[in-house]
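Structure record follows, encoded as C-alpha cells.
The values are calculated or read from the model by the stated rules, or taken from the named source; none is laboratory data. Here the structure is a predicted model, which means the values were calculated and not measured. Glycine gets a Cβ as well: all are built from the backbone with ideal geometry, and neighbour counts include every protein chain shown.
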Amino acid sequence: MALSGLAQSKLSKAEKAVLAGLDAQYEQYADIAHQIWNYAELGYQEEQSSQLLQKTLTDAGFSVDAGVAGIPTAFVATYGSGEPVVGLLAEFDALPGMSQAAVPERQIKEEGQSGHACGHHLFGTGSVAAAIAVKGWLEETKTAGTIRLYGTPAEEGGAGKVYMVREGLFDDVDAVLHWHPGSQNSASARSSLANKSAKFRFYGNSAHAAAAPDKGRSGLDGIEAMNMMVNMMREHVTAESRIHYVITKGGDAPNIVPGFAESFYYVRHPEMQEVRDMFERVVKAAEGAALGTGTRMEYEVIHGIYNVLPNETLSEIMYQNLQTVGGVSYDEEEKAFAEQIQQTYDSDATLASANQVQPYTVSNRGTGGSTDVGDVSWMAPTAGMSSATWVPGTYAHSWQAVAAGGTSIGHKGMIVASKTLSLTAIDIFQQPEVTKIAREELMQKRGDDFAYNSLLGDREPPLDYRK
C-alpha cells in the first residue's frame with residue numbers, strides 16, 4: 001500500500017504526513033470496520049454502528065449533531081469554519097439474510113441474520129478516517145475551511161440521504177465526496193438509475209377456502225392480478241426500465257382465503273421523470289387489480305431516489321488522486337483466500353487487477369444499481385470512487401462480498417479510499433476556485449428550471465421498513 005517514489009514526489013510534506021498517518025492507524029480503523037461488520041445492523045436500526053462512528057469523530061475533535069432529519073441514527077460531524085465546505089458521506093447499514101463468516105466458502109454465521117454484503121461497514125469507517133485525516137491537515141497547515149462528515153443510514157432501500165437533503169443539510173456544501181466498496185479501483189464520472197419503491201397492500205375477506213369460498217375475497221388474488229398486469233406492462237416501457245417485486249405476505253394456510261397480502265415493488269430508470277411516470281402506471285395496475293378482485297388496495301411509498309448527476313470537474317481530481325494512491329497488493333495469505341473465493345464464481349478478472357486503477361470514463365446515463373447519493377448530487381457538486389475491497393470479479397450483495405469485507409482485503413481497500421478522499425478534499429481546500437467551476441457544471445447539467453422535489457414526497461422516514 002506504500003506510494004511509489006514518483007507518486008510521493010508530487011505530494012507536499014503535509015500530504016505525505018496525511019497518508020503516513022492513515023497507514024499508521026490502519027489497525028485502529030480496521031478494528032472499527034470489523035466491529036460494524038459484526039454488528040451488521042439493518043437500515044434505520046444501526047444504533048451501535050452509528051454510535052461507534054460518532055464517538056470516533058467526537059474523540060478526534062469533531063462536533064457532532066446526532067439524530068438529524070428525524071432519523072435517530074443519522075448525524076453530521078463538523079470541524080473547522082468558513083469556506084469551502086467539503087462534505088464526506090458515510091454509510092453503515094447491512095443487508096437482510098446475508099450472514100456469512102470471513103472464510104472463502106459459503107458458511108452462514110447465524111441463519112437468517114444480516115450481513116455487510118455491500119461493504120457499508122468499510123464505507124462508513126473509511127470516510128470517517130478520511131475526515132479525521134483532513135482535520136489533521138487543516139490544523140497542521142492552518143488552512144481555512146470546513147470538513148463535514150455525514151452519517152447516512154439506510155442506503156439499502158431506506159433513502160436516508162433523501163431526508164437529509166430534504167432537510168436542507170446539504171444546502172451550503174461546496175463539494176461532496178463519497179466512495180463505495182467494490183472489486184476494482186475506479187474514479188470515473190458515472191450516473192446511476194433513479195428508483196422509486198412502494199409496498200402494495202390488498203385487503204379482502206378471510207373465509208374457509210373449501211366450505212365458504214364465496215364469502216372470501218383474496219388479497220393474494222389482488223397481488224397476483226397486479227403482478228400479471230405489471231408483467232404485461234414490461235412490453236410497453238423503454239428498454240432501460242427495470243421493474244422488480246417480491247410478495248412479502250401471501251397468506252398463512254392454503255385452506256384460508258388470504259384476507260391480506262402485500263408485495264414490494266421497485267421501479268427504475270436512468271431518468272427520474274420516467275420513474276415517476278412508470279410508477280403511476282404501476283399504481284393504476286394495482287387499482288385495477290383491486291377492482292377486479294373485489295379487494296381494497298393501499299400503498300406506501302418506501303423510498304424514492306434520483307439518478308446520480310456526475311460532476312466531471314471533481315471526478316477528474318479524484319481520479320488523479322486515486323492514481324497517486326494506487327490499488328491493493330495481496331500478501332500470500334490474502335492471495336490464497338482470493339484464489340479460493342474466485343473458484344466460487346465465473347469471472348475473467350485477475351487478482352492483479354486489485355492493484356490497478358481502471359481507466360477514467362464519463363457516463364452521464366445510468367446503468368446497474370441505484371443510490372441515494374443521487375439526490376445529494378443534484379444539490380451539491382459530487383464525485384465518487386470505488387476501491388478493491390472485494391476479490392476481483394466479486395459482485396455486490398453476495399456472500400463473497402461479505403466474506404472479503406471481514407478480512408484484511410477489505411480493510412486494505414478501505415484505506416485506499418480513505419487516502420484518495422483525503423487528498424481530493426485537500427486539493428479542494430488548496431484550490432477553492434475549483435468549487436465554483438464544479439458548481440457551474442452542476443447548474444448547467446440540471447438546467448435553469450430545476451426545482452428539487454423528492455421522489456418520495458413528504459412522507460416521514462420509514463424507520464420500521466426493515467422490521
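Sort out which residues of region 177-189 are under 14 Å from the mean Cα position of the chain (by Cα) and within 22 Å of residue 86 (Cβ to Cβ), and write them in order of number.
177, 178, 179, 180, 181
Evaluate region 263-281: report whether one residue or more is touching a Gly at 6+ places or on another chain (Cβ under 6 Å) and either in the same structural domain as residue 382 (by TED's automatic domain parsing) or not in a strand (DSSP E or B) (or both).
Yes: one or more hits.
Looking at (1) more than 17 Å from residue 181 (Cα to Cα); (2) within 25 Å of the chain's Cα centre (by Cα); (3) in the same structural domain as residue 383 (by TED's automatic domain parsing), which one does residue 335 not meet, given that it meets all the others?
Here residue 335 meets the rest and fails (2).
Using the structure shown, decide if residue 128 is assigned by TED's automatic domain parsing to the domain that holds residue 398, within 21 Å of residue 321 (Cβ to Cβ) and either modelled with pLDDT of 95 or more or more than 15 Å from the chain's Cα centre (by Cα) (or both).
Judged against the criteria, residue 128 is a match.
Does any residue of region 167-183 turn out to be assigned to a strand (DSSP E or B) and among the charged types (D, E, K, R)?
Looking for residues that are assigned to a strand (DSSP E or B) and among the charged types (D, E, K, R), one finds none in region 167-183, hence no.
Look through region 35-83, keep the residues that are charged (D, E, K, R) and either surrounded by fewer than 22 Cβ atoms within 10 Å (Cβ to Cβ) or modelled with pLDDT under 95 (or both), and return whichever of them is farthest from residue 137 (Cα to Cα).
The selected residue is 47.
How many residues are of a type outside the set (Gly, Ala, Ser), part of a loop (DSSP other than H, G, I, E, B) and over 22 Å from residue 188 (Cα atoms) when one looks only at region 387-399?
0
Yes or no, residue by residue, for (1) among the basic types (Lys, Arg); (2) within 14 Å of residue 130 (Cα to Cα); (3) not in a loop (DSSP other than H, G, I, E, B):
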{"site": "370", "(1), (2), (3)": "no, no, no"}
{"site": "374", "(1), (2), (3)": "no, no, yes"}
{"site": "385", "(1), (2), (3)": "no, yes, yes"}
{"site": "401", "(1), (2), (3)": "no, no, yes"}
{"site": "419", "(1), (2), (3)": "yes, yes, yes"}
{"site": "426", "(1), (2), (3)": "no, yes, yes"}
{"site": "435", "(1), (2), (3)": "no, no, yes"}
{"site": "449", "(1), (2), (3)": "no, no, no"}
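Is there a residue in region 64-80 that is free of Cβ contacts under 8 Å to residues at least 24 places away in the same chain, acidic (Asp, Glu) and either assigned to a helix (DSSP H, G or I) or out of contact with any strand residue (DSSP E or B) (no Cβ under 6 Å at 6 or more places or on another chain) (or both)?
No: region 64-80 contains no residue that is free of Cβ contacts under 8 Å to residues at least 24 places away in the same chain, acidic (Asp, Glu) and either assigned to a helix (DSSP H, G or I) or out of contact with any strand residue (DSSP E or B) (no Cβ under 6 Å at 6 or more places or on another chain) (or both).
Determine, yes or no, whether residue 151 is at pLDDT 95 or above and of a type outside the set (Ser, Thr, Tyr).
The answer is yes for residue 151.
Here are the criteria: (1) in a loop (DSSP other than H, G, I, E, B); (2) touching a Lys or Arg at 6+ places or on another chain (Cβ under 6 Å). Tell me which single one residue 348 does not satisfy.
Evaluating residue 348 over (1) in a loop (DSSP other than H, G, I, E, B); (2) touching a Lys or Arg at 6+ places or on another chain (Cβ under 6 Å) leaves (2) as the failure.
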